[in-house]
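The values are calculated or read from the model by the stated rules, or taken from the named source; none is laboratory data. The structure presented is a predicted model; accordingly, all values stated were derived computationally and were not measured. Note that we place each Cβ from the backbone using ideal geometry, even for glycine, and neighbour counts take in every protein chain shown.
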Amino acid sequence: MPVRRLQHVLRPRHVQPLIPVPRRLPVRLLSSTTLRANVPTWPQPLGQPQTPVNPSDDAIQQVMSEKNKSTEGRSKSFLETWSSSPSFQAALTTVVGLMMVFVGGVGYLSWYKSHVLHRMERAFAPGFDPALEMHSEESLHIERDEQPLIDSIVRGEHAGSYYLMIGPNGTGKGTLILNAMRKIQADGAAILEGHPDLEVVRLRLGKSLDFDYFEDWQGSLFSRADPRSAGPALDIERALNKLEKVALRYKAKKGRPIVLVFNEIHLIPNSPEGHALLHQLQQRAEAWAEGGICTMVFSTDDFWCLDMMKKNASRMQVLSVYDLPPHEAISALRRIRTSTLRHRYGPDAKVENDAILRQVYDLVGGRMSHLTRVSRAGDMLKRAEQMVEDEMHWLQSKIGLIPDHDDDVMDEQKWASCSWLLLRHLAKLPEDEQYVSYGEARRIMTRTDFIEPLDAYQVIAIDRRHRIRLDSTLMLRAVERAIAEEGFDDLLDQTRARVDEIEGLHRQNELTIKEPFKIVVDKGGRQFDVIGLGDSFNPPDEPS
């Protein structure tokens, strides 16, 4: 194809062009030729881009014009028309965007679930545990006989069972568990405390398991339901579902179950809601013990937890924790007293002799919390006497006797008088057998519903064998002083008599009948004639 060559004239910029500027050639759309040097171009005014000239431009324009003529002869199909429309382009963009969001959401959901399990596995890894940090390692602890068993349970050596530890407050149940966890750096173990508010229990369970109940979930585009909309029970069930997966992984990795400790479950309300939560936990404990993937340990001060959980218990083992025996208690008191005096007065401080330590033990007993409190006082005997007096006054503030009470407080005095019947009986028993069975206590109190409040007030303690005793030696000494006061037996008898009198009045209905009378007015004065009941009920016949 011939190529037109256009000539141009070189001139200075201030000289006007000698020939007119030809028309602009169309822009080249496609070129398959190589770049050539020395391609002539038309001179253009300053400030305008110069259009390159290519030998194939005329051929391309001819091909495009022929193609347009060929397509003009036929009509476009519906698919071609719709695919080139703006609505199709907008719909395609929307679909692609939604698909990208969906794929991203599915990927985020998969990552989030894996991340949740990873965090819960990290909660059972050895190392930092908030409960151990709060439990000071430098404080003095007494090795108890129950410690080896608790150590083996926390190490996961007793798969196939779960445990309920029951004992009075201050006997050292929590210390036993924390000491066992410290020995293994909480490897495979977690602990949480109970609380009267179930929402707080939910939060504490999440803290111990490092689980946020999906509150850190960022996939709100999918309108996930609020995780707290159904109450704490459903949230706890979600946490237990995740924990089950973690327990299976842990068992497959290390060959032993994880250990989850619920301390002080008696703080959970003794109500239908609290019972439902304990049943929920017990169901998991039974299933996980059967599978050998998790060992749950419950700790309680009150008997009602054992009474409720015993109904559905098939793999539950009950452990009772008591006060220290005399020789261990005196030895522990000496150690704690020595540590306290040396810390306060230096290494040359002297500890009291065994006679004084024995007198202190006779007053406060072998309760670890009481021994620790006494050992930190300047005068241990004076402090022990004061503790007994305080306990007696507290007891009288709860179940004090009022012989001339009003009927408004009859129910309270009924409970108080029945309670003192049981306490007096326990205080008069021999020292080595100061307990009664649950059935005998019911007969002594003559009531069946007054035992549980005494246990809740920590006046009495009930062990796994259903034996009832006074909660502590300190409580025993307080009861002994109360019943030794002059006139106590008469006061108790008068209170019970007053209760019987008020109950008798409540069971009687008083019916008052007034006899009718008639007044006869005569000249001599008024005369009163009383008509008897017979005459009033049977009036005389009127004359016909």
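Among the candidates D307, D354, which residue alone is farther than 30 Å from A125 by Cα, assigned by TED's automatic domain parsing to the domain that holds G156 and either surrounded by fewer than 18 Cβ atoms within 10 Å (Cβ to Cβ) or within 19 Å of the chain's Cα centre (by Cα) (or both)? Lay out the reasoning, then the answer.
Details: D354 fails: assigned by TED's automatic domain parsing to the domain that holds G156.
Of the residues listed, the single one that is farther than 30 Å from A125 by Cα, assigned by TED's automatic domain parsing to the domain that holds G156 and either surrounded by fewer than 18 Cβ atoms within 10 Å (Cβ to Cβ) or within 19 Å of the chain's Cα centre (by Cα) (or both) is D307.
Would you confirm, using the coordinates I've provided, whether Y213 is modelled with pLDDT under 90 and of a type in the set (F, W, Y)?
Taking the combined requirement at face value, the residue satisfies it.
Taking the options D449, D455, name whichever one is surrounded by fewer than 16 Cβ atoms within 10 Å (Cβ to Cβ) and of a type in the set (D, E).
Details: D455 fails: surrounded by fewer than 16 Cβ atoms within 10 Å (Cβ to Cβ).
Of the residues listed, the single one that is surrounded by fewer than 16 Cβ atoms within 10 Å (Cβ to Cβ) and of a type in the set (D, E) is D449.
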Search result, residues across the stretch 313-331 that are within 15 Å of S472 (Cβ to Cβ) and touching a Ser or Thr at 6+ places or on another chain (Cβ under 9 Å): V321, Y322, D323, L324
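Conditions tested, residue by residue: (1) surrounded by fewer than 20 Cβ atoms within 10 Å (Cβ to Cβ); (2) outside any helix (DSSP H, G or I); (3) in the same structural domain as L149 (by TED's automatic domain parsing); (4) free of Cβ contacts under 8 Å to residues at least 60 places away in the same chain.
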| site | (1), (2), (3), (4) |
| --- | --- |
| A252 | yes, no, yes, yes |
| R256 | yes, yes, yes, no |
| Q283 | yes, no, yes, yes |
| A289 | no, no, yes, no |
Tell me yes or no: at least one residue of the stretch 400-418 is in contact (Cβ under 8 Å) with a residue 24 or more places away in the chain, loosely packed, with under 15 Cβ neighbours inside 10 Å and within 38 Å of the chain's Cα centre (by Cα). no
Which condition does C294 not pass, out of (1) buried (at least 18 other Cβ atoms within 10 Å of the Cβ); (2) farther than 20 Å from M475 by Cβ; (3) modelled with pLDDT of 90 or more; (4) more than 24 Å from the chain's Cα centre (by Cα), if it passes all the others? (4)
Could you tell me whether any residue of the stretch 239-250 is within 14 Å of the chain's Cα centre (by Cα), over 20 Å from A159 (Cα atoms) and crowded, with 22+ Cβ neighbours inside 10 Å? no
Residue count for the stretch 331-384, restricted to those that are farther than 18 Å from T171 by Cβ and of a type in the set (S, T, N, Q): 5
Residues of the stretch 357-399 being under 39 Å from the mean Cα position of the chain (by Cα) and assigned to a loop (DSSP other than H, G, I, E, B), in sequence order, are G365, G366, R367, R376, A377
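Checking the conditions here, which among L333, L341, L429 is part of a helix (DSSP H, G or I), modelled with pLDDT under 95, hydrophobic (A, V, I, L, M, F, W, C) and surrounded by fewer than 20 Cβ atoms within 10 Å (Cβ to Cβ)? Talk me through it step by step, then tell me what you get.
Numbers: L333 fails: surrounded by fewer than 20 Cβ atoms within 10 Å (Cβ to Cβ); L429 fails: part of a helix (DSSP H, G or I).
Matching residue, one of L333, L341, L429: L341.
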Scope the stretch 181-194; condition out of contact with any strand residue (DSSP E or B) (no Cβ under 8 Å at 6 or more places or on another chain) and either not in a loop (DSSP other than H, G, I, E, B) or not β-branched (V, I, T) (or both); matching residues: R182, K183, Q185, A186, D187
